[in-house]
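Visitor: Below is one structure. I have some questions about it.
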Amino acid sequence: MLNPYVNRRDFLRAGGALVISFPIGAALGGETPARAVSPRPLALDQVDAFLAIGADGRVSCFSGKVDLGTGVRTALAQIVADELDVALDQVEVTQGDTQSTPDQGPTYGSLSIQVGGMQIRQAAASARAALVQAAAAKLSLPAEQLFTRDGAVYARPGGQRVAYGELVGGRQWEMKVDPKAVLKDPADYRVVGQSVPRLDIPAKVSGEFLYIQDLRRPGMVHARVVRPQGIGAKLQGFDDSAARAVKGHIQTVRSGDFLAVVARTEWAAISAARALRVQWSAWEGLPDQARLWEHVRATPMNHSDVLQSVGDLAQASGEGLKTVRATYDFAIHTHGSIGPSCAVAEWVDGKLTCWTASQQTHLLRRQLSLMFAIPPEDLRCIYVDGSGCYGRNGHEDAAADAALVAKLTGLSVRVQWMREDEHGWDPKGPPTLLDFRGSVDAAGKVQAWESTVYAPDAPKTIQVPLVAAGLAGMPTQEAHPGNIVQALAIPYKFANIKVTAHRLASTPFRPSWIRTPGRMQNTFGNETFLDELALAAGADPFEFRIANLDDARAIELLRRLAKVAQWAGRGTPAPGRSRGRGVAFVKYELVRTYVGAVAEVEVDRESGRIRVTRFVVAHDCGQVINPDGLRNQIDGNVIQTVSRTLLEELRFDRSRVTSVDWASYPILTFPDVPEVVVELMDRPREKPWGAGEPTASIVPAAISKAVFDAIGVRLRSVPFVPQKVLAGLRQS
């Protein structure tokens, strides 16, 4: 393992040169070299924060955004390679180390390339311009006669050449990112826009890749946290005599209601935790799940926000109008990460280092700083890949567990969550309830659109309180459920629109963002209700959308989708029919990434089981960095959201989560994965937008409409489990 505490001076003596620079810090694992610790804050306006070039010409890219298994590491390397004119294999990417990467915000919201990648691209363009100027001075030639290629600056005519490593000369350059630095012409890109193989895949295939679960530190011990029997239960006492008899047990630690065992091996920690006899107070603060939606509707509101207002709904009245009403609900989901969360932490001379798969290492540092009342500069969080994260799951909480046990014991501590920890204690996507009303006139025009969502309010800071801090009575933050009112406003041009969010004062579980937070729930309501209005208007779903859009890019995408999916209009549900198709569309947050999809389903009328057989996606996110990587993202969006739509629902009683295994919280299995067909609309001269979330937002609506096309049953409640299908068939 590489030493994470190499100091900058020793590193420079051993390694040679820096270039644009920032002091290179430490990285773990075999993918990146040891880096020196930055001696100053890593400001986003400094080239130093993002790039370094060694004397050998190798380029180091430093990203605050991390690769959660989505291929971001490869895409960032492509961006840097093209903008700096170096070979892709000369670029190394370090991610999410709070001492050597800038704070570019959490890895969420489909912003890794759109924001993080473009910050790095602009820094690289600034660096390239500075290298040309330095070469001009060295060669005594005008900068206009120089160009960059393969890690060097060349003169034309004449062919004189000076390598980037020569230009640096071991110096550290202090320079700001020039927002006016000219970016490369997309026509000159050599790797951007190409399906470059993922950089992480070879080591993952060979088993050499370092995951957080694999990380070991000298003298490291293992801990297991013993959870309360009810979410709000209090620790009244414990007997650890049986735990102490377990071979390898070191100690049992307590801080308030936080209780954990520490052992020399992981199995000893598991065994000791199971041997503890613990007394908890009774707690039954959760609502009755059978009456969840009544509970949501009755929850006090902090305030209501009008998100969109067009015309006057009072004008949409009179004879000849068809009025349609519908209510949609979206269940509470857990992240269901296949590999449970893990972290390692140790304290040295009052300073904390934490190895974590957190998607937000800089934010986690601030949270741990608050929790332990230490300055952020005394705390370092280092990203190590986890087994999957698409929203704020348990990684940050595992980090807090490890940090607290390490503080209480003075040891290097590894905390590995179990399945029941992950399902029972990670933060949840809150329940979402939506009401719709719309009117269509005799000509098939929508005269009124009114929608209301019931969703938790959001504090100002984008944070989720740490479980360990809450149990131990240490400082923590308010819960934040994500921007779950996003995408409720619609892109369609109707005469009268009113869109309202009722911001609730509370929600049953500690809320967080799960992939496509709010955008999925709200788009489900919007697009399914739009289809209900199209039916009332007697219109084809594709043509109905196109007729009510004035966005040429959206219309182009829908027409391309209809062609690729070979859309031939919607059929009429009939007895015995079991196959159907449904379309859905989104312009993400009304400002970026256009996605349309056609779902194809088969419904078993006897069992009520739905199978999604094929999913056709048209996708426009502007400039595509890596087509194959983008297709991977879209595939993942579809597969995961088919699972969420058909199967997933958190189960709970009045005290705690009860769906704490894969039997009680099933996810999609390989035999049921649909064929996914992707049509990319690459626009090389446009800015790239995000792709991590948008496709997921339209999956539930497309499936709901495909089921209606097949059997005439309108599904308005996620998940679409067989019982709901059979109930609909009985009523039809």
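The values are calculated or read from the model by the stated rules, or taken from the named source; none is laboratory data. Since this is a predicted model, take the numbers as computed values, not measurements. Positions of Cβ are generated from backbone atoms using ideal geometry, with glycine treated the same way; all protein chains shown enter the neighbour counts.
Visitor: For residue 181, which of the numbered conditions (1) closer than 21 Å to residue 57 by Cα; (2) at pLDDT 95 or above fails to hold?
Guide: Among (1) closer than 21 Å to residue 57 by Cα; (2) at pLDDT 95 or above, residue 181 violates only (1).
Visitor: Scan 477, 463, 447 and give me the residue that is surrounded by fewer than 24 Cβ atoms within 10 Å (Cβ to Cβ) and touching a His at 6+ places or on another chain (Cβ under 7 Å).
Guide: None of the other options fit; the residue is 463.
Visitor: Separate question: Within segment 690-701, work out how many residues are crowded, with 24+ Cβ neighbours inside 10 Å and part of a loop (DSSP other than H, G, I, E, B).
Guide: Final tally of qualifying residues: 3.
Visitor: Follow-up question, since we're still on this one. Name every residue in segment 702-732 that is part of a helix (DSSP H, G or I) and within 14 Å of residue 584 (Cβ to Cβ), in order of residue number.
Guide: 702, 703, 704, 705, 706, 707, 708, 709 - these are the residues of segment 702-732 that are part of a helix (DSSP H, G or I) and within 14 Å of residue 584 (Cβ to Cβ).
Visitor: Which ones in segment 410-429 are in a loop (DSSP other than H, G, I, E, B) and out of contact with any helix residue (DSSP H, G or I) (no Cβ under 9 Å at 6 or more places or on another chain)?
Guide: Hit for segment 410-429 is 410, nothing else.
A quick yes/no check of all residues on (1) at pLDDT below 95; (2) over 22 Å from the mean Cα position of the chain (by Cα); (3) β-branched (Val, Ile, Thr):
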position	(1), (2), (3)
656	no, yes, no
664	no, yes, no
667	no, no, yes
679	no, yes, no
690	yes, no, no
699	no, no, yes
713	no, yes, yes
719	no, no, no
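Visitor: Right, something else. Being within 30 Å of residue 684 (Cα to Cα), more than 26 Å from the chain's Cα centre (by Cα), among the polar types (S, T, N, Q) and at pLDDT 50 or above is true for just one of 104, 46. Which residue is that?
Guide: 46
Visitor: Pairs only if they're at least six apart or on different chains, beta carbon under 9 angstrom, first in segment 472-484 and touching a residue at least 12 places away in the same chain (Cβ under 8 Å) and in the same structural domain as residue 236 (by TED's automatic domain parsing), second in a loop (DSSP other than H, G, I, E, B) and buried (at least 18 other Cβ atoms within 10 Å of the Cβ); list them, first residue then second.
Guide: As it stands, the answer is none, since no pair meets every condition given.
Visitor: Only one of 296, 324 is under 33 Å from the mean Cα position of the chain (by Cα) and outside the structural domain of residue 657 (by TED's automatic domain parsing). Can you tell me which?
Guide: Answer to the selection: 296.
Visitor: Another one. Would you point out which residue out of 131, 141 is in contact with a strand residue (DSSP E or B) (Cβ under 7 Å, 6 or more places away or on another chain) and assigned to a loop (DSSP other than H, G, I, E, B)?
Guide: It is 141.
Visitor: Turning to a different aspect of this structure: Given the condition over 18 Å from residue 165 (Cα atoms), among the β-branched types (Val, Ile, Thr) and surrounded by fewer than 20 Cβ atoms within 10 Å (Cβ to Cβ), answer yes or no: does some residue in segment 122-133 qualify?
Guide: So far as segment 122-133 goes, no, none of its residues is over 18 Å from residue 165 (Cα atoms), among the β-branched types (Val, Ile, Thr) and surrounded by fewer than 20 Cβ atoms within 10 Å (Cβ to Cβ).
Visitor: For segment 651-678: of the residues being assigned to a loop (DSSP other than H, G, I, E, B) and free of Cβ contacts under 8 Å to residues at least 60 places away in the same chain, which is nearest to residue 282 (Cα to Cα)?
Guide: 658
Visitor: A follow-up question, please. Residues that are charged (D, E, K, R) and touching a His at 6+ places or on another chain (Cβ under 8 Å): find the strands (runs of 3 or more DSSP E) completely inside segment 320-409 holding 1 or more of those.
Guide: Answer list for segment 320-409: none.
Visitor: If you check residue 504 against the conditions, is it touching a Ser or Thr at 6+ places or on another chain (Cβ under 9 Å) and surrounded by fewer than 24 Cβ atoms within 10 Å (Cβ to Cβ)?
Guide: yes
Visitor: If you don't mind, another one. If you take the residues in segment 598-650 that are among the hydrophobic types (A, V, I, L, M, F, W, C) and in a loop (DSSP other than H, G, I, E, B), which one is surrounded by the fewest Cβ atoms within 10 Å (Cβ to Cβ)?
Guide: Restricting to residues being among the hydrophobic types (A, V, I, L, M, F, W, C) and in a loop (DSSP other than H, G, I, E, B), the top hit is 647.
Visitor: Could we say that residue 543 is surrounded by fewer than 22 Cβ atoms within 10 Å (Cβ to Cβ) and within 30 Å of residue 112 (Cα to Cα) here?
Guide: For residue 543, the condition - surrounded by fewer than 22 Cβ atoms within 10 Å (Cβ to Cβ) and within 30 Å of residue 112 (Cα to Cα) - is not met.
Visitor: Follow-up. Could you list all residues from segment 71-90 that are more than 27 Å from the chain's Cα centre (by Cα) and closer than 16 Å to residue 122 by Cβ?
Guide: 84, 85, listed by residue number.
Visitor: Any idea which of (1) within 25 Å of residue 655 (Cβ to Cβ); (2) surrounded by 16 or more Cβ atoms within 10 Å (Cβ to Cβ) is the one residue 237 doesn't satisfy?
Guide: The failed condition is (2).
Visitor: Out of all the residues in segment 275-300, which are closer than 13 Å to residue 228 by Cα and outside any loop (DSSP other than H, G, I, E, B)?
Guide: 277, 278, 279, 280
Visitor: Here is a further query. Looking only at segment 146-203, which residues are in contact with a Leu (Cβ under 8 Å, 6 or more places away or on another chain), in contact (Cβ under 8 Å) with a residue 24 or more places away in the chain and among the basic types (Lys, Arg)?
Guide: 171
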